[in-house]
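Before any comments, here is the structure.
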Amino acid sequence: MSTWQDRLLTDTPRSRREARLGALYRSWLQFRSNRLALLGLAIVLLLIVVAAFAPWIATHHPNEQNLAQRLLAPGGAHWLGTDEFGRDVFSRIVYGARITLYIVALVAIIAAPIGLIVGTAAGYLGGWVDAVLMRITDVFLAFPSLILALAFVAALGPGIENAVIAIALTAWPPYARIARAETLTIRNADYIAAARLQGASTGRILSRHIMPLCLSSLTVRVTLDMAGIILTAAGLGFLGLGAQPPLAEWGAMVSSGRRYILDQWWVATIPGIAIFAVSLAFNLLGDGLRDVLDPRQKK
């Protein structure tokens, strides 16, 4: 009797479900061969676990102040030391993972669908629709994302929700470009023409036949952009335009600790290391996913 691995790797699957599982298993084997991508995945999963179980992992309340224990060095009851208000740095790092994951998830949920809809509509409809949508996209791409995010936050006001909206409004144009390029390559395919002859509406063709084919490329780009999103969010927090005190946001922690960087290095360095580690993890994960999902990267 053959093992389940042999059944998944066979060239003659017995059902559509077995064929899909086999494709997923082959993709996992290819992804697993990239050790750096596995490292990135492990760090991202650790971030999710820390964010989910923050109340049980943190050793202190993140906003609990004790001026008698301010700026304590790492060790003892405070594994990563305390900040200028005597708050436990480790606990604030743990709760800061929640804010980071919250921002990343919301930006991906908002920006990716906007870019997918704009790009597929422009690529499929063409003509003046394509021209108008792509010129709007060019306007957003003409400005550095952080500068544009600063402008939106300045207009909307400081706060984590407004920061999410601002980052999402600056993140969608690259996704639109990718979706448009993918759409242009498949809009004249035979199966699209067959669907059109059968009376399928434009919305149905876009949602059922074109958008699903753009998802793999979009997933890779979104994963690679997570590092930039985290850095932009940290930049807004550093400038006081992101999450507001007393929320434990890593960029704001770096900002408040920069005054003590020479003598109490841990106050700013520890959240900086957290930002670096998570940004690197998403980059490594994105590279691994690109090798698996992008056929042009396959050998």
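Brief remarks on what is shown
- Of all the criteria given as (1) open to solvent by 30 Å² or more (accessible area, probe 1.4 Å); (2) under 13 Å from GLY96 (Cβ atoms); (3) not polar (S, T, N, Q), the one not satisfied by LEU215 is (2).
- Residue in the stretch 151-161 that is part of a helix (DSSP H, G or I), under 26 Å from LEU285 (Cβ atoms) and open to solvent by 60 Å² or more (accessible area, probe 1.4 Å) present: no
- Candidates ALA179, ALA171 - the one that is hydrophobic (A, V, I, L, M, F, W, C), outside any loop (DSSP other than H, G, I, E, B) and either in contact with a strand residue (DSSP E or B) (Cβ under 7 Å, 6 or more places away or on another chain) or within 25 Å of GLU249 (Cβ to Cβ) (or both): ALA171
- Selection within the stretch 29-70 - open to solvent by less than 50 Å² (accessible area, probe 1.4 Å), at pLDDT 90 or above and in a loop (DSSP other than H, G, I, E, B): ALA58, PRO62
- Filter result for GLY286 (assigned to a helix (DSSP H, G or I), within 28 Å of PHE85 (Cβ to Cβ) and of a type outside the set (A, V, I, L, M, F, W, C)): no
- Condition met for GLY203 (over 25 Å from ALA142 (Cβ atoms), modelled with pLDDT of 85 or more and open to solvent by 40 Å² or more (accessible area, probe 1.4 Å)): yes
- When the stretch 179-233 is filtered for residues that are among the hydroxyl-bearing types (Ser, Thr, Tyr) and more than 26 Å from the chain's Cα centre (by Cα), the ones remaining, listed by number, are THR185, TYR191, SER201, THR202.
- Only a single criterion out of (1) touching a residue at least 24 places away in the same chain (Cβ under 8 Å); (2) crowded, with 18+ Cβ neighbours inside 10 Å; (3) out of contact with any Gly (no Cβ under 6 Å at 6 or more places or on another chain) is not satisfied by LEU148, namely (1).
- Taken across the stretch 135-142, residues that are over 20 Å from PRO113 (Cα atoms) and modelled with pLDDT of 85 or more do occur, with at least one present.
- Pick from the stretch 106-116, criterion closer than 14 Å to ALA179 by Cβ and in contact with a helix residue (DSSP H, G or I) (Cβ under 8 Å, 6 or more places away or on another chain), ranking: surrounded by the fewest Cβ atoms within 10 Å (Cβ to Cβ): ILE114
- Screening LEU247 on (1) open to solvent by 20 Å² or more (accessible area, probe 1.4 Å); (2) within 28 Å of ALA37 (Cβ to Cβ); (3) aliphatic (A, V, I, L, M); (4) at pLDDT 85 or above shows it passes everything except condition (2).
- Annotation note: Cβ proximity below 6 Å between a residue of the stretch 76-88 that is within 14 Å of ILE270 (Cβ to Cβ) and a residue that is of a type in the set (A, V, I, L, M) and open to solvent by 20 Å² or more (accessible area, probe 1.4 Å) (sequence gap 6+ or interchain) occurs for HIS78/LEU72; LEU80/ILE270; GLY81/LEU72; GLY81/ALA73; THR82/LEU72.
- Residues that are open to solvent by less than 40 Å² (accessible area, probe 1.4 Å), touching a helix residue (DSSP H, G or I) at 6+ places or on another chain (Cβ under 8 Å) and under 24 Å from ASP83 (Cβ atoms) do occur in the stretch 220-230, at least one of them.
- Residue in the stretch 83-100 that is open to solvent by 50 Å² or more (accessible area, probe 1.4 Å), under 30 Å from LEU169 (Cα atoms) and assigned to a helix (DSSP H, G or I) present: yes
- Those helices (runs of 4 or more DSSP H) of the stretch 200-265 in which 2 or more residues are within 27 Å of SER91 (Cα to Cα) occupy 211-238, 250-257.
The values are calculated or read from the model by the stated rules, or taken from the named source; none is laboratory data. Everything quoted here is computed from the prediction, not taken from an experiment. A quick note on method: Cβ atoms are made from the backbone with ideal geometry, for glycine too, and the neighbour counts reach across all protein chains shown. With ligands, DNA and RNA removed, areas are computed over all heavy atoms of the protein, side chains included. Shrake-Rupley method; radii C 1.70, N 1.55, O 1.52, S 1.80 Å.
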